[in-house]
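The numbers here are math on the coordinates, done by the rules we state, and not lab data. The structure displayed is predicted, hence computed values, not measured ones. Positions of Cβ are generated from backbone atoms using ideal geometry, with glycine treated the same way; all protein chains shown enter the neighbour counts.
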Amino acid sequence: IFISPIGVAVRTLCGKLVHKSIDPPVIVVDPSGRFVIPVIGAHWGANEIALELSRILKLEPVITTASDSRGITSIEQLARILHCHIENIDDAQILDSALLRGEEICVYGIDSMPSIVRGKYIVDGGKCRYIFFVRSKNSDIDIDLENTRIVWCKPYTISIGVGAHNDTDANEVAVAIREALDEVNIDLSSIKCIVSIKPIVKEVANILGVPFKLVKLDEINSIDDICLTPPSPNTVKYGFRGVAEACAIYGCSGKAHLIFRKRVFRRNVTIAMASCRDH
């Protein structure tokens, strides 16, 4: 986030950008504190960050992307909402243009569309010239590929980090996990593992039918991610730098991105989630 004239941001970024699919979102707040402007990565989170800053700081957001100005969810935003990686990113613009023209996009590989999605998206129905296909290990496609343009999106696997009070039972944790998954529209089939320092959570993993990792204090304290929420005084007191978020990142065993910050459910359970960026 730059607090500067937009020209300063442009000159600073010049020569440093690689590709829109991997460049981080860049936002500018003007020095007078009136406007917040997404500069890079509008469809990759910059617009959402700018809108959030506008609410918190009482700024006027300057959103310039065509789809957002018309209330349409772009293909890139749809991929983020569905937690999947676009494999042929250069074709996304073709489908974005089709949406702006008012054409329909058929979406395959999901059961229903999240309510926040806007635009002429049709789930598993009709014949479309443009298709957004969410791949999974069990998915198949039975359509005429001739004269169609398809954007392929591969779901990220998800690691769930769990913290719980000592007197919490397995069923309570299982319900909390299901509530968190429903909130971010993630299916159990996408879960790579559940990670916790509490042995009781293994029972939860067995109930849900997903792998479990029991971690030790030194293992989660080895996680050094700048996106981790600062630990509470109580967490520090017991020697932890964090629990749920660190467990979620640890479960990915590689590059991870927090998609659901730690949240307390039912007073006794803390849930966090990370997407494993294996692609």
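With only alpha-carbon pairs counted, each pair once and no self-pairs, how large is the Kirkwood hydrodynamic radius of the stretch 94-133 in angstroms?
Kirkwood hydrodynamic radius for the stretch 94-133: 10.3 Å.
Could you work out the helix-only [θ] at 222 nm for the chain, with each DSSP H run of four or more residues adding -39,500 (n - 2.57) and the total divided by the number of residues, to the nearest 500 deg cm²/dmol?
Numbers: 10 runs with 81 residues, N = 279.
Counting only the DSSP helices, I get -8000 deg cm²/dmol.
List the relative contact order of the stretch 48-117 as a percent without decimals, with contacts defined as Cα pairs under 8 Å and 6+ residues apart. Working shown, then result.
Values: 31 pairs, mean separation 17.3, N = 70.
It rounds to 25 percent for the stretch 48-117.
I need the Debye-formula profile for the stretch 170-244: one equal scatterer per C-alpha, no solvent, reported as log10 I(q)/I(0) at q = 0.12, 0.13 1/Å, two decimals.
-0.39, -0.46
With a ≥ b ≥ c the root eigenvalues of the C-alpha gyration tensor of the stretch 33-188, is it rounded (a/c under 1.5), prolate (a/b larger than b/c) or oblate?
On the way: a/c = 2.45, a/b = 1.11, b/c = 2.20.
Oblate is the answer for the stretch 33-188, as a/c is 1.5 or above yet b/c matches or exceeds a/b.
Please report, ordered by residue number, every helix of the chain (full DSSP H runs) that is 15 Å or longer along its axis going by C-alpha atoms and whose mean Kyte-Doolittle hydropathy reaches -1.0.
Numbers: long enough: 46-57 (16 Å, 0.68); 170-183 (20 Å, 0.14).
Qualifying helices: 46-57, 170-183.
From the Cα gyration tensor of the stretch 2-64, with a ≥ b ≥ c the square roots of its eigenvalues, which class applies: rounded if a/c is under 1.5, or else prolate if a/b is larger than b/c, or else oblate?
Details: a/c = 2.82, a/b = 1.36, b/c = 2.07.
Since a/c reaches 1.5 but b/c is at least a/b, the shape of the stretch 2-64 is classed as oblate.
Of the candidates 181, 53, 95, which one comes out as most mobile in a Gaussian network treatment of the chain with C-alpha springs shorter than 10 Å?
Sorting by GNM fluctuation, first place goes to 53.
Give the list, by residue number, of cysteines in the chain with no other Cys Cβ closer than 4.7 Å, or say none.
14, 193, 227, 247, each lacking another Cys Cβ under 4.7 Å.
Name the most mobile residue of 43, 165, 85, meaning the one with the largest mean-square fluctuation, in a Gaussian network model of the chain with Cα contacts below 10 Å.
Most flexible of the set in this elastic network: 165.
Are there chymotrypsin sites (Phe, Trp or Tyr not before Pro) in the stretch 216-279 that DSSP puts in a loop and that have at most 15 other Cβ atoms within 10 Å, and which ones? Walk me through the numbers before you get to the answer.
Working: sites: 238, 240, 250, 260, 265; in loops: 238, 240.
Those that pass, being in a loop and sparsely packed, are 238.
With a 10 Å cut-off between alpha carbons and a GNM built on the chain, which of 175, 36, 236 moves the most?
236
Using the reciprocal of the averaged 1/r over all distinct C-alpha pairs, how large is the Kirkwood radius of the stretch 75-155 in Å? Present the calculation step by step, with values, prior to reporting the outcome.
Numbers: mean 1/r = 0.0794 Å⁻¹.
Every distinct Cα pair counted, the radius reaches 12.6 Å.
Can you tell me the Rg and the Dmax, both Å, for the Cα atoms in the chain?
Considering the chain through its Cα atoms, Rg and Dmax are 20.7, 62 Å.
For residue 48, what is the net charge nearby, where nearby means another residue's Cβ is under 13 Å from its Cβ and Lys, Arg count +1, Asp, Glu -1? Numbers along the way, then the final one.
On the way: positive: 55, 80; negative: 52, 68, 76.
Charge balance in the 13 Å sphere: -1.
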